[in-house]
Structure formats: C-alpha cells, structure tokens
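Asks: Structure provided below as structure tokens; questions to follow.
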Amino acid sequence: MPTKKMALYSCVSPEEHATISANAKQAGLSQSTYIKRICLGQPTPSLEKQHTRRDLLRINADLGRLGGLFKLCLSEKQGPLVALHQEVRRILREIEMRQLELTAAITRV
C-alpha cells in the first residue's frame, strides 16, 4: 500500500550533511525525523541531557542508600557506634541537603 506522505528535497553540501547527520545521531533520531522536527519548530531530545539526568538520578539513589545505612547505624542502641550518633546525624543532614541540591539540578536539566 503506497504511503500518502509527501517528500521534501533539499540540496546540502557534504559538510552540512555531516553536521545534520551528527546532530540527528546526537538527538537519537533518524535524519528524516530530526529534519522534520527542526523545520516544524518542535523540540529535539538531547541524548547528552538524558545521560546526564540518568547519572544524576543514580547519584541521588546512592545518596539515599548511604542515608539509609546511616539511619540503620542510628537505630543501634548498644555497641561501639553509639558514640558516633551525633556525627552520623550531622552527616545525615548534609546528605539530605545534597539530595535537595541534586533534585534541583535534575529538574534544571
């Protein structure tokens, strides 16, 4: 069954073609989809931003796990770690502040 879509053609230099190809690859789109989105003024995704966002989320999860370990330490009522409770609480508050900063950074990205 033939398609009803229409094709547009444009002449570009080898350098322009290479730039368009590289930008489409960076956006994770085919050349056709990339060009269509650019011409229609639609946003194009950035794989670099997606990777950065994923890395920031991974760091946030690591901080959460670290905070969980500190909370576990605080739940102990006996043993050598009891003397460290004040220091652990301070570090836990610091981790929570960093998580808030990280959440704000993720939102900006």
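The values are calculated or read from the model by the stated rules, or taken from the named source; none is laboratory data. This structure is a prediction, so every number in the text was calculated from the model and none was measured. Counting neighbours? That spans all protein chains shown, and the Cβs are built from the backbone with ideal geometry, glycine included.
Asks: Need the failing condition index for R37 against (1) more than 30 Å from A22 (Cβ to Cβ); (2) in the same structural domain as S21 (by TED's automatic domain parsing); (3) of a type in the set (K, R), just the number.
Replies: (1) is the only condition that R37 fails.
Asks: While we're on this one: Which one of these is in a loop (DSSP other than H, G, I, E, B), without any contact (Cβ under 8 Å) to a residue 60 or more places away in the chain, hydroxyl-bearing (S, T, Y) and surrounded by 12 or more Cβ atoms within 10 Å (Cβ to Cβ): T33, T44, T52?
Replies: T44
Asks: To continue, here is another question. Could you pull out the residue among R37, R108 that is more than 30 Å from Y9 (Cβ to Cβ) and of a type in the set (D, E, K, R)?
Replies: R108
Asks: If you go through region 1-16, how many residues are modelled with pLDDT of 90 or more, assigned to a loop (DSSP other than H, G, I, E, B) and over 16 Å from Y34 (Cβ atoms)? Spell out how you get there, then give the answer.
Replies: Of all residues in region 1-16, those modelled with pLDDT of 90 or more come to 11-16.
Narrowing further to those that are assigned to a loop (DSSP other than H, G, I, E, B): 11-13.
Going one step further and asking which of them are over 16 Å from Y34 (Cβ atoms), we end up with 11, 13.
So the count comes out to 2.
Asks: Quickly run through region 55-87 and pick out the residues that are in contact (Cβ under 8 Å) with a residue 12 or more places away in the chain and under 26 Å from I106 (Cβ atoms).
Replies: L56, L57, I59, N60, L63, G64, L66, G67, F70, K71
Asks: Specify which of the listed residues (L56, L63) is of a type in the set (A, V, I, L, M), at pLDDT 80 or above, in contact with a Lys or Arg (Cβ under 9 Å, 6 or more places away or on another chain) and not assigned by TED's automatic domain parsing to the domain that holds Q26.
Replies: L63
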